[in-house]
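Structure first, commentary second.
Nothing in this text is a laboratory measurement; each read-out follows from the coordinates by a stated rule. A quick note: this is a predicted structure, and the numbers were derived from the prediction, not measured. No Cβ is skipped: glycine too gets one built from the backbone with ideal geometry, and neighbour counts run over all protein chains shown.
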């Protein structure tokens, strides 16, 4: 009987110690506008990501009639946006108050006219305004 009681106490102590070690780090993003980090460019031309609750928009081409609006999911530190029509997907790595664009995992981002906008490169950094 002492052995069973001792084993039970040992198991309870181990469960307690492992539950105290559990880290519940959930990555989230803050509501707001994330603007492409650039120098020497006009703010109105800067691509931006706007997050409001469960909704997200990604503005990168002022001449386009298509406005990418949709929803997003977060897995670990990766934010994946899918447009409401399901046609486009954009992926960003979350790093504090910045979003880092992942071009190889995203739909193509192309300007209608290269003279009227800023091209978005892989690993472009969008900073919360």
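Odds and ends about this structure:
- For the range 97-115, filtering for residues that are without any contact (Cβ under 8 Å) to a residue 12 or more places away in the chain and within 16 Å of residue 87 (Cα to Cα) leaves 1.
- Of the listed requirements (1) out of contact with any strand residue (DSSP E or B) (no Cβ under 8 Å at 6 or more places or on another chain); (2) part of a strand (DSSP E or B), residue 126 misses just one: (1).
- Lone unmet requirement of (1) within 15 Å of residue 35 (Cα to Cα); (2) free of Cβ contacts under 8 Å to residues at least 40 places away in the same chain for residue 78: (1)
- Looking only at the range 90-129, and only at residues there that are touching a helix residue (DSSP H, G or I) at 6+ places or on another chain (Cβ under 8 Å) and surrounded by fewer than 17 Cβ atoms within 10 Å (Cβ to Cβ), the one that is farthest from residue 27 (Cα to Cα): 116
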